[in-house]
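The values are calculated or read from the model by the stated rules, or taken from the named source; none is laboratory data. From a predicted model like this one, the values you see are computed outputs, not experimental measurements. Using ideal geometry, Cβ is built from the backbone for each residue, glycine included, and neighbour counts are taken over all protein chains shown.
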Amino acid sequence: MSSNSDASDILDEILEDSKKPTSTPESQPEPTSTPESQPEPTSTPESEKKSPKKPFSPDEKPTRKLILVGVKPLVTYVNSTLTQLSTLPTVTIKARGQRITQAVDVSQFIMKRMHSIGYRISDVRISSDALESRDGKTRNVSTIEIDISK
């Protein structure tokens with residue numbers, strides 16, 4: 001008879017398990033309330049939308065972009081300058097010290113290779129900046145700014 005009671009216990013467990021999945025769909029409507037959690041992710045993109053709006057909050061669009069010449073290869077600065085010139089009317093190439101020759105090379109590369117497009121050097125400014133050297137002395141470092149326009 002113990003086998004009969006074991007079989008009835010197993011049947012009872014199966015029936016209870018079959019009732020639990022029907023209760024699981026009832027709990028699934030609670031997960032359908034997860035769309036309430038979906039507004040939370042949409043609130044995150046809204047906050048993401050708000051953060052990109054902050055840089056664009058000024059009504060004025062920049063009319064000049066600054067390219068600082070450093071230790072990267074020449075073509076890097078040429079590409080970034082041409083990329084900026086595709087959207088902006090004027091781009092400034094700036095360099096200090098020994099990098100002045102590289103800034104001149106960037107501007108000449110654009111002038112000679114992109115002559116058919118109509119780029120021109122609109123302004124050149126030279127100056128010097130007072131910088132503190134590693135030994136604590138103040139040194140004057142030459143700077144150049146070259147404006148390239150369409």
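Summary table below
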read-out: Residues (modelled with pLDDT of 90 or more and touching a strand residue (DSSP E or B) at 6+ places or on another chain (Cβ under 8 Å)) located in the range 133-148; value: T138, R139, N140, V141, S142, T143, I144, E145, I146, D147, I148
read-out: Residue in the range 107-123 that is among the charged types (D, E, K, R), in contact with an Asp or Glu (Cβ under 6 Å, 6 or more places away or on another chain) and in contact (Cβ under 8 Å) with a residue 60 or more places away in the chain present; value: no
